[in-house]
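K.L.:
Questions regarding the structure given below will be posed in turn.
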Amino acid sequence: MAPASRGSRSACRGDVGSLGAVEQTHFDLVIIGGGPAGYGAALYGASAGLNIALVEKDKVGGTCLHRGCIPAKEMLETAAVVRTVAHAGEFGVLVEPVGLEWSTVMERKQSVIDKLVGGVTGLLKNRKVTILNGAATLGANRTVTVVGGEDGSETATLSADAVILAPGSVPRVIPGFEPAGPVVTSDEFFDIDGVPEHAVVIGGGAIGCEFASTLADLGSAVTILEALPKILPGCDSDVTRVVLQSFKKKGIDIRTGVAVTGHSPNGSGGTTVAFGDGESIDTDLVVVSVGRSPYTEGLLGDGAGVRVAERGFIEVDEQYRTGEPSVWAIGDVIATPQLAHVGFAEAICVIKDILGEDAVPVDNANVPWAIYCQPEVAFAGLSEDAAKAAGIDVVTSKHRFGGNSRAMIIGQTDGLVKIIAEQRADGTAGKLLGVHMVGPWVTEQLSGGYLAVNWEATVDEVAAFIQPHPSLTELFGESVLALTGRSLHG
Ligand code: FAD
C-alpha cells in the first residue's frame, strides 16, 4: 500500500463541528465513526503526522464511552462499593445500613463519561484532527458526503487519499422485545430511573452477566434467561463454575437452555416474560443482552465498492482492507472480537498499512478478554476444552484464591487461576496456550498471562519471573511454577 500524500491544506485542522465552516475538503485520511476504533485511528494517525478528518454523527467516544464499557464499569463500581460497605462489619468498621441515592449514582456515571469524552476530544484537537459532526456516506473514489447541522441541512463533501470505516455496532434485538417501557437494551440501561425489585436479563454472555451482577449487588432479584446450554460461552468450564457458584450466592437465578417467546406488559410498569416450555416470570425490568449487530445504515453510497457479508459485517482481508483501493474497515463493523481494545489495535495496524510500514494484524484467537462481573473473569488463549477439541495434548495447573494471602486480606477468596500448557513428548509442560482467571481484580492481572501466551513463552521461561508479595498475581506465578514439576505453596 502506497503511503498517503501529506500536502493537504490545513485551514481548519483541529476544528470541531459545523459543516458550514469546512474550508478544507481534501485530507490524507477521512475516518467515519468516532468510537474507539475511529478515534483510535485518528489519534495514532495524527501522531504519525497524517492530516485527518473524523466524522461522527452522534458523540465522539461511540458505544464504549457513552453506552458500553465505561458506564457499565462505572455502575459495577457503585455495586462494588455497596458490597464493600455491606461487609464493612467483617473489618470492624461499623456503618449504617446501605442506602442508594440514585441521582448521585447517575451523576457520577455521567461525570466519568464527560471527563473521558472531554479528554479524547482535547487530544484530537491538540493533534489537529478535524472533527465533523454529521452522518457520513462513502461514495466512489474515496469521496465522503457528510450531512449534519441542527436540521440536517448542512452538507460537506470530502475527498481523501485513504478512508477508514469505523461505524461500530448496535444492540441486537429479539423480535417482540423491542426496547420500550420495561424492556431495555444496553442503549437504554444506563438511564434507568432506579433499582428494579426484579429484573430479567435475557442473555448470559459477558455483557448480560455484567448487568446481572450489577443489579443483584444493587439489590434486585435477578433472573438470567439464556438460550444456550451454559452462560459465558467461550470461558473455561472451571471459570464458569466459579461464576455460577458466586452468582448463586448473590441470589441470581440462572436458567439455561431456555428461549424467551414473548412478554405481556402488566399495566403497572412491569411485564410478564414467557420462556421455555410454557413458563413465565413477572418482572419490573427486562434487559435484552443478546449480542451486537454491525451497523452500516447510510454508510455506503453509490460506487463505494465495499462488500457487506451476509451477517452485516463489512468484508475485509487480514490487513483490514475492504477490497476497494485505500478503504479499510475496523472495529465492531468487521467480524473480529467486538472489543474496544481490539478496535484500538486494528486502528494502529491500519495506520501502519497506510504509511507503508509493516503491520502485524491482531491474532484474534489470543486477544485479552475481560468481564467485569463480580467475580471478575479474564482470559487469553485456549480453554482446556478448546485445546482438547483442537487435538492438542495439554497439561493444566489450577490454583485457588482461597490460599492467597492478599485475597484473604481483602476478603475476596472466591476464584482461581488456571494455566493450559502444551504437553511435550516427555510429558512435561511446554508453551503456555491459555491463561484463565476468575476472582478479585483479575481484569487487572491478566496482562502477564496475555503477554506470555502471545510471546509463545514456555512454562520454564515464565516461572523464572517473580511476582510481588503479598499480591493477587502471586497466584499466576504459583500456577505456572507448579507446571515445572516443583512448587512453593501450590
Ligand atoms: P462504536 O463504539 O459503536 O462507535 C461507532 C461510532 O460511529 C458511533 O459513535 C456512531 O455514532 C458512529 N457512526 C456510525 N455510522 C456513522 C456514519 N455513517 N457517519 C458518522 N458516524 C457514524 N469492550 C471492551 O473492550 N471492554 C468492555 O468492558 C466492554 N464493555 C461493554 C459493555 C457494554 C454494555 C457494551 C454495549 C459494549 C461493551 N464493549 C466492551 C464493546 C465496545 O463498546 C465496542 O467493542 C466498541 O465500542 C466498538 O468500537 P467501534 O469504534 O468499532 O464502534
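The values are calculated or read from the model by the stated rules, or taken from the named source; none is laboratory data. Keep in mind that what you see is a predicted model, and the values were worked out from it rather than measured. Cβ atoms come from the backbone with ideal geometry, glycine included; neighbour counts cover every protein chain shown.
K.L.:
Taking the range 180-215 as the region of interest, how many residues are over 16 Å from residue 247 (Cβ atoms) and either within 12 Å of the ligand (Cβ to nearest atom) or among the polar types (S, T, N, Q) (or both)?
P.N.:
Of the residues in the range 180-215, 7 are over 16 Å from residue 247 (Cβ atoms) and either within 12 Å of the ligand (Cβ to nearest atom) or among the polar types (S, T, N, Q) (or both).
K.L.:
How many of the residues making up the range 1-59 are in contact with a Gly (Cβ under 8 Å, 6 or more places away or on another chain), modelled with pLDDT of 95 or more and hydroxyl-bearing (Ser, Thr, Tyr)?
P.N.:
The qualifying residues number 1.
K.L.:
Also, quick follow-up: Looking at the range 68-91 only, could you name the residues that are under 30 Å from residue 338 (Cα atoms), more than 16 Å from the ligand (Cβ to nearest atom) and among the charged types (D, E, K, R)?
P.N.:
83
K.L.:
Moving to a separate point now. Kindly indicate whether residue 417 is in contact with a Ser or Thr (Cβ under 7 Å, 6 or more places away or on another chain) and not polar (S, T, N, Q).
P.N.:
Yes, satisfied.
K.L.:
Since residue 345 meets every condition but one in (1) surrounded by fewer than 24 Cβ atoms within 10 Å (Cβ to Cβ); (2) assigned to a loop (DSSP other than H, G, I, E, B); (3) within 21 Å of the chain's Cα centre (by Cα), which condition does it not meet?
P.N.:
For residue 345, the failing item is (2).
K.L.:
Those residues that are in contact with a strand residue (DSSP E or B) (Cβ under 6 Å, 6 or more places away or on another chain) and surrounded by 23 or more Cβ atoms within 10 Å (Cβ to Cβ), I need them from the range 40-91; list them, please.
P.N.:
Across the range 40-91, the qualifying residues are 41, 42, 45, 46, 50, 51, 52, 53, 54, 55.
K.L.:
Across the range 29-62, what is the number of residues that are in contact with a Ser or Thr (Cβ under 7 Å, 6 or more places away or on another chain), of a type outside the set (A, V, I, L, M) and closer than 23 Å to residue 334 by Cα?
P.N.:
1
K.L.:
Residue pairs, Cβ under 9 Å, 6 or more apart or interchain, first in the range 467-490 and within 17 Å of residue 409 (Cβ to Cβ), second buried (at least 21 other Cβ atoms within 10 Å of the Cβ) and aromatic (Phe, Trp, Tyr). List them.
P.N.:
467/476; 472/401; 475/401
K.L.:
Next up: Looking for something touching a Lys or Arg at 6+ places or on another chain (Cβ under 8 Å) and loosely packed, with under 15 Cβ neighbours inside 10 Å - is there at least one such residue anywhere in the range 477-490?
P.N.:
no
K.L.:
How many of the residues in the range 361-413 are away from the ligand (no atom under 13 Å from the Cβ) and in a loop (DSSP other than H, G, I, E, B)?
P.N.:
Summing the residues that are away from the ligand (no atom under 13 Å from the Cβ) and in a loop (DSSP other than H, G, I, E, B) in the range 361-413 gives 14.
K.L.:
Where the second residue is among the basic types (Lys, Arg) and the first is within 15 Å of residue 400 (Cβ to Cβ) and lies in the range 418-439, which pairs have Cβ atoms under 7 Å and are six or more apart or on separate chains?
P.N.:
Filtered contacts from the range 418-439: 418/398; 436/418.
K.L.:
Here is a follow-up. Can you tell me which of (1) out of contact with any Lys or Arg (no Cβ under 6 Å at 6 or more places or on another chain); (2) over 28 Å from residue 164 (Cα atoms); (3) touching a residue at least 60 places away in the same chain (Cβ under 8 Å) is the one residue 387 doesn't meet?
P.N.:
Result: residue 387 fails condition (3) only.
K.L.:
Also, quick follow-up: Among all residue pairs at least 6 apart or on different chains, which show Cβ distances below 6 Å where the first residue, located in the range 226-245, is more than 16 Å from residue 442 (Cα to Cα) and the second is assigned to a loop (DSSP other than H, G, I, E, B)?
P.N.:
226/204; 227/259; 229/257; 231/204
K.L.:
I'm checking my understanding of the structure. Among residues of the range 195-215 that are surrounded by fewer than 24 Cβ atoms within 10 Å (Cβ to Cβ) and over 16 Å from the mean Cα position of the chain (by Cα), which one is nearest to residue 257 (Cα to Cα)?
P.N.:
198
K.L.:
For the range 92-106, how many residues are free of Cβ contacts under 8 Å to residues at least 24 places away in the same chain and surrounded by 12 or more Cβ atoms within 10 Å (Cβ to Cβ)?
P.N.:
Final tally of qualifying residues: 1.
K.L.:
Go through 377, 350, 360 for me and flag whichever is touching a strand residue (DSSP E or B) at 6+ places or on another chain (Cβ under 6 Å) and farther than 20 Å from residue 35 by Cα.
P.N.:
Of 377, 350, 360, the one residue that is touching a strand residue (DSSP E or B) at 6+ places or on another chain (Cβ under 6 Å) and farther than 20 Å from residue 35 by Cα is 377.
K.L.:
Test of understanding: among 288, 342, which residue is among the β-branched types (Val, Ile, Thr) and out of contact with any strand residue (DSSP E or B) (no Cβ under 7 Å at 6 or more places or on another chain)?
P.N.:
That would be 342, the only listed residue that is among the β-branched types (Val, Ile, Thr) and out of contact with any strand residue (DSSP E or B) (no Cβ under 7 Å at 6 or more places or on another chain).
K.L.:
Taking residue 67 and the conditions (1) basic (Lys, Arg); (2) in contact with a helix residue (DSSP H, G or I) (Cβ under 7 Å, 6 or more places away or on another chain); (3) farther than 19 Å from residue 214 by Cα, which numbered condition does it fall short on, given that it satisfies the others?
P.N.:
Going through (1) basic (Lys, Arg); (2) in contact with a helix residue (DSSP H, G or I) (Cβ under 7 Å, 6 or more places away or on another chain); (3) farther than 19 Å from residue 214 by Cα one by one, residue 67 breaks only (3).
K.L.:
So, in the range 24-64, how many residues would count as being within 8 Å of the ligand (Cβ to nearest atom) and of a type in the set (A, V, I, L, M, F, W, C)?
P.N.:
Total satisfying the criteria: 5.
K.L.:
Would you say residue 137 is within 11 Å of the ligand (Cβ to nearest atom), modelled with pLDDT of 95 or more and under 26 Å from residue 323 (Cα atoms)?
P.N.:
yes
K.L.:
Go through the range 113-162 and count every residue that is at positive phi and either within 24 Å of the chain's Cα centre (by Cα) or surrounded by fewer than 19 Cβ atoms within 10 Å (Cβ to Cβ) (or both).
P.N.:
Residues in the range 113-162 being at positive phi and either within 24 Å of the chain's Cα centre (by Cα) or surrounded by fewer than 19 Cβ atoms within 10 Å (Cβ to Cβ) (or both): 4 in total.
K.L.:
Given the conditions (1) surrounded by 15 or more Cβ atoms within 10 Å (Cβ to Cβ); (2) within 12 Å of the ligand (Cβ to nearest atom); (3) in contact (Cβ under 8 Å) with a residue 60 or more places away in the chain; (4) closer than 26 Å to residue 210 by Cα, report the number of the one that residue 172 does not fulfil.
P.N.:
If we test residue 172 against (1) surrounded by 15 or more Cβ atoms within 10 Å (Cβ to Cβ); (2) within 12 Å of the ligand (Cβ to nearest atom); (3) in contact (Cβ under 8 Å) with a residue 60 or more places away in the chain; (4) closer than 26 Å to residue 210 by Cα, just (1) comes out false.
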